[in-house]
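Here the structure comes first, spelled out in structure tokens, and everything after it is commentary.
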Amino acid sequence: MNEAPEAGVRAPAAAAGLSGRTAREHLRVVLGVRELGVLIALLAIIAVFTLLNRAFLTLDTFGDILTQAAELGVAAVGITFLMIAGEFDLSVGSNFAFAGVLLALLVTRHGLAPVAAVGLALAAAGTIGLLNGVVTLATRIPSFITTLGTMMLWRGLALALTGGWPITILTTSTMLDVLGGRAVYSTVRVSALWWLIVTVIFWILLAKTAYGNWVFATGGKREAARALGVPVRRVKLVNFTLAGLSAGAAGFMQFGRMGSMSPVWGDGLALEAIAAAVIGGTSLMGGAGTILGTVLGAITMAAIRVGLVMVGAPSYWYTAFLGAVVVVAVVLNVKLEEAFAWRR
């Protein structure tokens, strides 16, 4: 007769233990999410700018943020692949300008059909990325150095092709509308939709395919990856090409949104793209990162830019504010990884 009461006492205790374990597991999952650092930073930024200007918390403002983030976001997802594989590309901004200028020249001066012009210019952007990879792997010089050289090379060629002048299309153009000029809702431009499409493609490639596993293995433990049969050199070449393609696509979107393309645009884009990836949790050492984190990083940077304009702050505060956010987000990510490293 004593068995039933004892079992009755144990059952709630066991249930409580199970419930407690479940709650702890959920907490570990949440706190172990790589994007948590940038999400906290983004929410804090939204809160601060909303307090300073109530108009910040509106759909129009968020649409403007997405549009402002689109070109950077497309370039950054390509950089993310490369960084996870343990490499960098500082020529992204120059490729952005060169590909955009080439597209503008092919259409305006040479009368090429828009579809053909986009195809040729995009192929050129991808080839630039591939050449970066070939030179880096063939010479075994760090990609930071090789792409520093190609950054100056392609910027110089963009300036030479245009004489340093921007190329502008003054009339209404379907091509410009499709590339990013047309508004699809309020302040949201087509360029934001292109960013969404590119992001989904890159996310699937990284998170849902065997190639994505190769990318992580290449940037994590290279020798172990080789031993397991991962084609490390091929993976890096593909990622350099993807970075080039994404830079070129971002240049096209800028051309479409602005109706003009300047050979000096994109200066600093490489560092901003790297910053977006790092803010989003991508490791500077390779082997870790997510596409979603990079997207949140790009949105965070655009939110800072738009917010500063709305509160009337001088534009040069953007760099200082961004630097602080990079430091805070990186520290948060590192601390979260250290605190929950035992989960791996």
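The values are calculated or read from the model by the stated rules, or taken from the named source; none is laboratory data. The structure displayed is predicted, hence computed values, not measured ones. Please note: Cβ atoms are built from the backbone with ideal geometry, for glycine as well, and neighbour counts cover all protein chains shown.
Within the stretch 258-280, the residues that satisfy the criterion of being outside any helix (DSSP H, G or I) and over 16 Å from the mean Cα position of the chain (by Cα) are Gly259, Ser260, Met261, Ser262, Pro263, Val264, Trp265, Asp267. Listed by first and then second residue, the pairs linking a residue in the stretch 246-261 that is modelled with pLDDT of 90 or more to a residue that is assigned to a helix (DSSP H, G or I) and of a type in the set (Ser, Thr, Tyr), with Cβ atoms under 7 Å apart and 6 or more places separating them unless they lie on different chains, are Met253/Ser191.
For the stretch 139-158, residues that are more than 22 Å from the chain's Cα centre (by Cα), small (Gly, Ala, Ser) and more than 30 Å from Arg109 (Cα to Cα) total 0. Scanning the stretch 201-229 for residues that are at pLDDT 80 or above and outside any helix (DSSP H, G or I) gives Lys208, Thr209, Gly229. Hey, does the stretch 305-314 have a residue that's part of a loop (DSSP other than H, G, I, E, B), modelled with pLDDT under 85 and touching a Leu at 6+ places or on another chain (Cβ under 7 Å)? Checked the stretch 305-314: no residue is part of a loop (DSSP other than H, G, I, E, B), modelled with pLDDT under 85 and touching a Leu at 6+ places or on another chain (Cβ under 7 Å). Is there a residue being in contact (Cβ under 8 Å) with a residue 24 or more places away in the chain and over 21 Å from Pro263 (Cα atoms) anywhere in the stretch 113-132? For the stretch 113-132, residues in contact (Cβ under 8 Å) with a residue 24 or more places away in the chain and over 21 Å from Pro263 (Cα atoms): present. Note on the stretch 91-200: enclosed helices (runs of 4 or more DSSP H) holding 1 or more residues that are within 20 Å of Thr67 (Cα to Cα) and touching a strand residue (DSSP E or B) at 6+ places or on another chain (Cβ under 9 Å) are 92-108. Here Thr174 meets each of (1) polar (S, T, N, Q); (2) out of contact with any Leu (no Cβ under 7 Å at 6 or more places or on another chain); (3) more than 26 Å from Ala116 (Cβ to Cβ) with one exception, condition (3). Report yes if some residue within the stretch 293-303 is under 17 Å from Phe88 (Cβ atoms), in contact (Cβ under 8 Å) with a residue 24 or more places away in the chain and not aliphatic (A, V, I, L, M); otherwise report no. Scanning the stretch 293-303 turns up at least one residue that is under 17 Å from Phe88 (Cβ atoms), in contact (Cβ under 8 Å) with a residue 24 or more places away in the chain and not aliphatic (A, V, I, L, M).
Among the residues of the stretch 159-180, is any surrounded by 15 or more Cβ atoms within 10 Å (Cβ to Cβ), under 21 Å from the mean Cα position of the chain (by Cα) and either at pLDDT below 90 or within 26 Å of Gly251 (Cα to Cα) (or both)? Checked against the condition, which is being surrounded by 15 or more Cβ atoms within 10 Å (Cβ to Cβ), under 21 Å from the mean Cα position of the chain (by Cα) and either at pLDDT below 90 or within 26 Å of Gly251 (Cα to Cα) (or both), the stretch 159-180 yields at least one hit.
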